[in-house]
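Enquirer: Below is a structure I'd like to ask you about.
The values are calculated or read from the model by the stated rules, or taken from the named source; none is laboratory data. Quantities reported herein were computed from a predicted structural model and do not represent experimental measurements. Don't worry about glycine lacking a Cβ; one is built from the backbone with ideal geometry, like all the others, and counts go over all protein chains shown.
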Amino acid sequence: MSTLFAPTELRPVISLLASRSLIRLITEIDGNGAIPPRRLTGIFPDVSRHRLRRTTEAARARGLVRITPGTGLELTETGMELADLYDASARWARHHAYPTPSCDFTSRIRHCLRLLESSLGTELSDGPGHPHTGLLPTAEAEEDLARPRALLSRWLTAHPQITGSPAEPAA
């Protein structure tokens, strides 16, 4: 994919997509189905109500989730595509032990998204490699990164409403 995104539009979007609470919300619904009303705090007991509310509002505002009467909070088509991107990113990171051999699911996705951010046209002020660890993937890993990179690029291009919104939540 040759589509490059401006750093001013991409960085806030990657920050949103890489938020732990959004990753957990999207992958929870993707893996277990709609979340019934008033069950969010029971499913995510370690996340504050305020954070859950902000995450849910941000996801709804960007068309990632919707509330369906009788069912609860469910993914939209856009949200399902994001779940596929998260899955591909986590698989890539796990296969290549990136950023470390022992890492949790959300951290793998977050690190992979930050790496993808640099390859989609942004210049990282931290120099080459991952912005937080400085790690560079191997040549084989870089080649395998093409699938998650293409998924992210297609997803961003297909959903311009994501890049036009302010980034939330940060955690």
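Enquirer: Within 19 Å of residue 160 (Cα to Cα), under 18 Å from the mean Cα position of the chain (by Cα) and not small (Gly, Ala, Ser): which single residue out of 52, 64 fits that description?
Expert: Values: 52 fails: within 19 Å of residue 160 (Cα to Cα).
Being within 19 Å of residue 160 (Cα to Cα), under 18 Å from the mean Cα position of the chain (by Cα) and not small (Gly, Ala, Ser) holds for just one of 52, 64, which is 64.
Enquirer: Same structure again: What is the residue count in segment 58-84 for residues that are exposed (fewer than 13 other Cβ atoms within 10 Å of the Cβ) and free of Cβ contacts under 8 Å to residues at least 24 places away in the same chain?
Expert: Total satisfying the criteria: 3.
Enquirer: Let me ask another. Out of the residues in segment 112-130 that are modelled with pLDDT of 50 or more and aliphatic (A, V, I, L, M), which is nearest to residue 85 (Cα to Cα)? Let's see the steps before the verdict.
Expert: From segment 112-130, those modelled with pLDDT of 50 or more are 112-121; that's our starting set.
Those still in the list that are aliphatic (A, V, I, L, M) too: 113, 115-116, 120.
Values: 113: 10, 115: 14, 116: 11, 120: 15 Å.
Ranking the candidates gives 113 first.
Enquirer: For segment 1-52, how many residues meet the condition of being surrounded by 14 or more Cβ atoms within 10 Å (Cβ to Cβ) and without any contact (Cβ under 8 Å) to a residue 24 or more places away in the chain?
Expert: Selection size over segment 1-52: 3.
Enquirer: Would you confirm, using the coordinates I've provided, whether residue 65 is closer than 30 Å to residue 138 by Cβ, in contact with a helix residue (DSSP H, G or I) (Cβ under 6 Å, 6 or more places away or on another chain) and among the aliphatic types (A, V, I, L, M)? Let's see the steps before the verdict.
Expert: Details: closer than 30 Å to residue 138 by Cβ: no; in contact with a helix residue (DSSP H, G or I) (Cβ under 6 Å, 6 or more places away or on another chain): yes; among the aliphatic types (A, V, I, L, M): yes.
No; evaluated as a whole, the condition is false for this residue.
Enquirer: Which of the following residues is closer than 20 Å to residue 31 by Cα and touching a Gly at 6+ places or on another chain (Cβ under 7 Å): 52, 64? It would help to see each step written out before you state the result.
Expert: Working: 52 fails: touching a Gly at 6+ places or on another chain (Cβ under 7 Å).
Of 52, 64, the one residue that is closer than 20 Å to residue 31 by Cα and touching a Gly at 6+ places or on another chain (Cβ under 7 Å) is 64.
Enquirer: Output the residues belonging to segment 12-41 that are more than 20 Å from residue 88 (Cβ to Cβ) and either of a type in the set (A, V, I, L, M) or at pLDDT below 95 (or both).
Expert: Kept after step one, since they are more than 20 Å from residue 88 (Cβ to Cβ), are these residues of segment 12-41: 12, 21, 33-41.
Passing the criteria: 12, 34, 35, 36, 37, 38, 39, 40, 41.
Enquirer: Would you pick out the residues in segment 131-156 that are under 17 Å from the mean Cα position of the chain (by Cα) and either modelled with pLDDT under 90 or not in a helix (DSSP H, G or I) (or both)?
Expert: Within segment 131-156, the first condition is being under 17 Å from the mean Cα position of the chain (by Cα), and the residues that meet it are 131-132, 145-156.
Once the filter is applied, which keeps residues that are under 17 Å from the mean Cα position of the chain (by Cα) and either modelled with pLDDT under 90 or not in a helix (DSSP H, G or I) (or both), segment 131-156 yields 131, 132, 145, 146, 147.
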